[in-house]
Structures are given as C-alpha cells and as structure tokens.
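Novice: Just passing along the structure, written as structure tokens.
What follows is calculated from the coordinates using simple rules that are stated; it is not laboratory data. Small disclaimer: the values here were computed from a predicted structure and weren't measured. Virtual Cβ from ideal backbone geometry, glycine too; neighbours counted across all protein chains shown.
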Amino acid sequence: MREEFKTIDIGELKETLEGRKVKIAGWIYTKNVLGKLIFYRIRDGTGIIQVAIKRGEIPEDEFEEAAKALRESSVSIEGILRRDPRAPNGLEVRAKNVKILGESLEDYPIKPGETVEFLLDNRHLHIRGLKMSAVMRIRAKTINIMREWLEKRGYVEVHAPTLITAACEGGATLFEVKYFDRKAYLTQSSQLYLEALIYSLGKVYTIQPSFRAEKSRTRRHLTEFWHLEVEEAFASQEDIMRTEEELLIYTTERVKEECRRELSILGREIEKIEAPFRRITYDEAIEALNKEGLKIKVGEDFGVPHEERLCKIFGYPLFVMHYPREIRAFYHKPSSDPRRVICHDLLIWPYGEIIGGGQRIDDYNELLARIKESKLDPSEYRWYLDLRKFGSVPHSGFGLGVERFVAYLCKLDHIRDAIPFPRTPARVYP
Ligand code: 4AD
Ligand code: MG
C-alpha cells in the first residue's frame, strides 16, 4: 500500500529535504515534452519548482495524461526531491505519481505579446502570473507593515461608511448612488469621520477604499483606490509630517527585507529614503517650475508633469507645503498668510503625489464660513460642524494612496497593476 503524504508548499522545498519523498500540488506553469521525458514547472502561489516526469518511472496512464495536460491544469504530484543545477532554483522533483486534478479545457489564453487591453479583459487569469503574484504579495506586506507600525504607535484602527451624503473632496468627483428614495454618494475619503473619531480615541487610522469619479486617464488614477488615512488630535502639520516620514521609511526598509524574492522577480532595487524629507512651499515650487520653462501660474494646481519635474529638481520624497486655499478642500486651516492653507503633498518620483495631508480648521465660525464660501450646504455638514462646538482641538491628518505607494515600491508603469482588479473610467470588468 502507498503511504499518504501531506502536501507541502512549494516555497518550503529546501535543499535539506534532498532525497526525501514530497507531495506538491499546484498549476502547470510551463510544460516541455521531450520524448520520454516531460518537464513541468509547477507553481502554487508560494513558489515554483521544476518537475521531471520520466516514462517508466510513473504508471503509463499517468504519463499519457501528464503529456496531454495543457498549461494551467491543476495537478498533484508525488516524487523525490533532488538537486539539479540545471533547474531554475537548483531543485527538481522527480515524479513518482502525477494526478491531473482540474484539466485546462482549452489552450491558456495568456501568452507573451498579448496587448494590455487583452490582459485587462482577462485579468482574472493574468493575475496568476509570477509578476502579478509578486506585486500582490508586496502589496499585502506593505499594508501589514504599515498597520503594525501604526498599532505600535498607539493609533486605533477604525472604519468609516462607504455610503455618505457630505462630500470631503469637492462635488466634481462624487459617484452618485440611489439610496432608496434619496441620493447618496460613494466616499472620496474617510477623513471627516476620522475627525469625529479622534474625540473618542485620540489617534486613529483606517485602510479602506475611496472612490473618485475622475475621468483622468493617467497612470496614477483609479476610480476606486485603497486609502490609508490617519488623523490625530493635538497634532500640528509638522507632527503629522514626521509621522509620515517615519512610516514611509520603516515600511520601505521592511519591505526590502521581507520581500527579497518578490522584488527580485520584479527586478526592483528600492532606493534608500532618509528623514527629514526635503520641504518646499507651493510658491517656491511655482518659481522653480517657471524657471525650468514649465509655464504655471500661482493658483493653478500641479499635474503629473509638474510633480515629476519637481522631484527631478529637488529630489524625493519631497514635501510641497502651503497651497493656495482656492485649490484645496474647505476643511484646511489657513496659514499665517490667509491666501495659503496649512497643507502638504508628498511627492515621489515617478508618481508624484502619494500623500495629501495637513491641519484642519478647528474654529466653528471659521469652518462655517469656509463651507459657505465653498458653496456647500451647511445643513449637510451639521454633524461635522458639531465637532467644533464641543471641545474642539487642533488636529491634523493625512491620506496615502495605497496603490500609488505600492506602484512606487514595485516600480510599476501603471497604478492599475498595484491592485488585482483595477477600476478606471474605462473599466469595471472583470
Ligand atoms: O489628496 P487627496 O485627495 O486627500 C484626501 O482625500 C484627504 N481627505 C486625505 C486626508 O487628509 N485624510 O487623496 C489622498 C491620497 C493622494 O495623495 C493619492 O495618493 C491618493 O489618495 N489618491 C488616489 N489614488 C489613486 N487614484 C486616485 N484617483 C486618487 N486620488 C487620490
Ligand atoms: Mg491631493
């Protein structure tokens, strides 16, 4: 009678197991039939391994099946682990049994040379690839490391609603949804709710989706993105910027350490970043851009080319501070120059802004005036105004776009590859 073996993760196969019988299960990543010998490369999400199947060493019917099986069929294989210098990672399983579990019914459509559109239409299959898997692992690690850092610093994780009625970042990018017999919107940012929660918890954060009905077809815009947002009572803009520096440096270093395999699949060597990050003002940025021949007037917001150029001129990560009030949302606290607000964007090449943050208005009358000036309906913001009525405090916070950060860490050409199922103006499928 045959012994039953427990299936082992391919990522666990080490040289110390050489000569041992192992059982693996996964998908046929590549197949090569050379007469009496079949080579598979099998992947299971934890790693990839070469399998050699020799006629005569496994039951004949299994050999026939193994030779016929198409790419991406799922298989379970028992065999002896051997060193083989010709194998991609120096190890090979010499098969004793091969069982096809789920046959691919037709030729696997993901092949080299397919167009971007084709790959996006077949995203549910494309995500099986080694590069996409590596990015998803880095994404998961990045989120976990940031969460761990925030927890250690005493920030409390909270969750805000997705369905909302009061815009945070201006009416132009709201997705409207029918909410029974009234209108509601998909949240653009959890900030306003985080501001309510600092009165219960002091320091809070959330990691959840935000939505923007932005038709911008750039390589850094999604209509649904994951947003890490932090809000802190009694914190100045400078306090929160230091938090951002530490969080980014810590996360980057740990991703480098813990995602070596994934980063090497992507051919990415992440540059070292050090605190303090360079700080410039919006006015300095405008001056520098005009000096370089990019015509931009005071009062205009930066686009990707401006932010890229600023990173080239000043280095990165780069804080750009004190934007004009007319190009920032209503909640920002004015600075000593009332035409400017206490806010900052953090820019990283080549994505530009990955964080937006600043200090919030904490005075009731000032906030009410800004809401009216911004042509918003104060009755929609009654609860938000209440926060300034009962024990208001100076407070600051920021929002980091998870996909933009992951795209930077992985050096992706486009932000859509930082999320398994991207949502863009042109795409809500699959
Ligand atoms: O600069 P934003 O719009 O700021 C806010 O939403 C604030 N309420 C955040 C806060 O202070 N709590 O967005 C913050 C970040 C941006 O820097 C960017 O990284 C990301 O969210 N982001 C997007 N990422 C992908 N696609 C989009 N369309 C994005 N819009 C913003
Ligand atoms: Mg912004």
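Novice: Under the Kirkwood approximation applied to all pairs of distinct alpha-carbon atoms, what is the hydrodynamic radius of the range 285-412 in Å?
Specialist: Values: mean 1/r = 0.0621 Å⁻¹.
The Cα-based Kirkwood calculation yields 16.1 Å.
Novice: Please go through the residue pairs 297/389; 6/96; 152/312 and name each one whose alpha carbons sit more than 26 Å apart in this structure.
Specialist: Details: 297/389 38 Å; 6/96 15 Å; 152/312 34 Å.
In this structure, 297/389; 152/312 lie more than 26 Å apart at Cα.
Novice: While we're here: Above 18 angstrom, tally the Cα pairs of the range 52-109 and express them as a % of all pairs, no decimals. Display every interim value, and only then the final one.
Specialist: On the way: 669 of 1653 pairs.
Percentage above 18 Å: 40.
Novice: Please give the peptides 102-108, 181-187 ranked by average Cβ packing (other Cβ atoms within 10 Å per residue), highest first, as a rough proxy for protection.
Specialist: Averaged packing, sorted descending, gives the order 181-187, 102-108.
Novice: Would you kindly work out the equivalent ellipsoid of the range 341-430 from its C-alpha gyration tensor and give its semi-axes, the square roots of five times the eigenvalues, largest first in whole Å? Before the final figure, lay out each step's value.
Specialist: On the way: eigenvalues 240, 60, 25 Å².
Taking √(5λ) for each Cα gyration eigenvalue gives 35, 17, 11 Å.
Novice: If I stretch the segment between residue 55 and residue 16 completely, what's the gain in nm (0.36 nm per residue apart, minus their alpha carbon distance), one decimal? Before the final figure, lay out each step's value.
Specialist: Numbers: separation 39, 0.36 × 39 = 14.04 nm, distance 2.72 nm.
Going from the current span to full extension adds 11.3 nm.
Novice: Which order, highest average first, do 212-224, 337-349 follow once you tally other Cβ atoms within 10 Å for each residue and take the mean per peptide?
Specialist: Values: 212-224: 16.8, 337-349: 20.8.
Ranked from most to least packed, the peptides come out as 337-349, 212-224.
Novice: Also: Using packing as a proxy for protection, rank 67-80, 320-333, 280-293 so that the peptide with the highest average count of other Cβ atoms within 10 Å comes first. Intermediate results must be reported in sequence, preceding the final value.
Specialist: Details: 67-80: 18.0, 320-333: 20.8, 280-293: 16.1.
Descending packing order for the listed peptides: 320-333, 67-80, 280-293.
Novice: May I ask you to evaluate 6.51 cos²θ - 1.76 cosθ + 1.60, the Karplus curve with θ = phi - 60°, for each residue of the range 326-336 and list the ³J(HN,Hα) values in order in whole Hz, giving x for glycine and proline?
Specialist: With the stated coefficients, the range 326-336 comes to 6, 10, 10, 5, 4, 7, 6, 7, x, 8, 4 Hz.
Novice: Just the number, please: Stokes-Einstein D of the range 67-202 in µm²/s, Kirkwood Rh from C-alpha pairs, 37 °C, 0.692 mPa s.
Specialist: Working: Rh = 20.9 Å.
In µm²/s, the coefficient is 157.
Novice: Return the long-range amide H neighbours of residue 278 (sequence gap of 5 or more, or a different chain), with a cut-off of under 5 Å between placed amide H atoms.
Specialist: 319
Novice: Quote to one decimal, in nm, the extra length available between residue 426 and residue 108 on full extension: 0.36 nm per residue of separation minus the C-alpha distance between them.
Specialist: On the way: separation 318, 0.36 × 318 = 114.48 nm, distance 2.53 nm.
Additional length available on full extension: 111.9 nm.
Novice: Roughly how compact is the range 165-266, stated as its Cα Rg over 2.2 N^0.38 Å to two decimals?
Specialist: Working: Rg = 17.3 Å, N = 102, 2.2 N^0.38 = 12.8 Å.
Output field value: 1.36.
Novice: Mind scanning 68/131; 203/256; 178/375; 36/68; 111/256; 21/131 and naming the pairs with a C-alpha gap bigger than 19 Å?
Specialist: Values: 68/131 27 Å; 203/256 28 Å; 178/375 23 Å; 36/68 13 Å; 111/256 30 Å; 21/131 30 Å.
Those over the limit are 68/131; 203/256; 178/375; 111/256; 21/131.
Novice: While we're here: Of 179, 408, 199, which has the largest mean-square fluctuation in a 10 Å C-alpha GNM of the chain?
Specialist: 179
Novice: Could you list which residues have their amide H under 5 Å from that of residue 335, counting only those 5 or more apart in sequence or on another chain, with H placed in the peptide plane?
Specialist: When sequence neighbours closer than 5 places are left aside, the close amide H contacts are 340, 341, 342.
Novice: Another question, if that's okay. Based on alpha-carbon centroids, what's the gap between the range 278-348 and the range 81-101 in Å, whole number please?
Specialist: The range 278-348 and the range 81-101 have Cα centres separated by 56 Å.
Novice: In addition: Below 8 Å, C-alpha to C-alpha, sequence gap of six or more: please give me the relative contact order for the range 319-430 in percent.
Specialist: Values: 151 pairs, mean separation 22.8, N = 112.
Computed over the range 319-430, the figure is 20 percent.
Novice: Give me the base-10 log of I(q)/I(0) for the range 21-123 at each q in 0.10, 0.22 Å⁻¹, Debye formula, one uniform scatterer per Cα, rounded to two decimals.
Specialist: Here log10 of I(q) over I(0) equals -0.28, -1.16.
Novice: How large is ³J(HN,Hα), in whole Hz, for each residue of the range 97-106 in order, when computed from phi with the Karplus curve 6.51 cos²θ - 1.76 cosθ + 1.60 and θ = phi - 60°, using x for Gly and Pro?
Specialist: So the J values, rounded to whole Hz, are 9, 10, 10, 7, 8, x, 6, 6, 7, 8.
Novice: Determine ³J(HN,Hα), in whole Hz, for all residues of the range 36-47 in sequence, where each value follows from phi through the Karplus function 6.51 cos²θ - 1.76 cosθ + 1.60 and θ = phi - 60°; x replaces Gly and Pro.
Specialist: The phi angles translate into 7, 10, 10, 10, 10, 10, 10, 10, 10, x, 9, x Hz.
Novice: Assuming R0 = 25 Å, what is the FRET efficiency of residue 368 and residue 162, from their Cβ-Cβ distance, to the nearest 0.05? Present the calculation step by step, with values, prior to reporting the outcome.
Specialist: Details: r = 27 Å, r/R0 = 1.08.
Between residue 368 and residue 162 the formula returns 0.40.
Novice: Continuing with the same structure: What three numbers, in Å, describe the spread of the alpha carbons of the chain along their principal axes, ordered from the longest?
Specialist: For the chain, the Cα spread along each principal axis is 85, 54, 41 Å.
Novice: Shifting gears a bit: Looking only at 319, 390, 234, which one moves most when the chain is put into a Gaussian network model with springs between Cα atoms under 10 Å?
Specialist: Maximum fluctuation in the GNM of the chain, among the listed residues, is at 390.
Novice: Reported to two decimal places, what Rg/Rh ratio describes the range 1-71 when computed on Cα atoms with Rh from the Kirkwood expression? Walk me through the intermediate numbers first.
Specialist: Numbers: Rg = 12.7 Å, Rh = 13.2 Å.
A ratio of 0.96.
Novice: Give me the compactness ratio for the range 252-335, meaning the Cα radius of gyration over 2.2 N^0.38 Å. Each step should come with its number before you reach the end.
Specialist: Values: Rg = 16.7 Å, N = 84, 2.2 N^0.38 = 11.8 Å.
Normalised Rg, Cα atoms only: 1.41.
Novice: Separation between the residue 122 and residue 256 pseudo-spin-labels, each 7 Å from Cα along Cα→Cβ, expressed in nm?
Specialist: Taking the two extended label points, one gets 3.8 nm.
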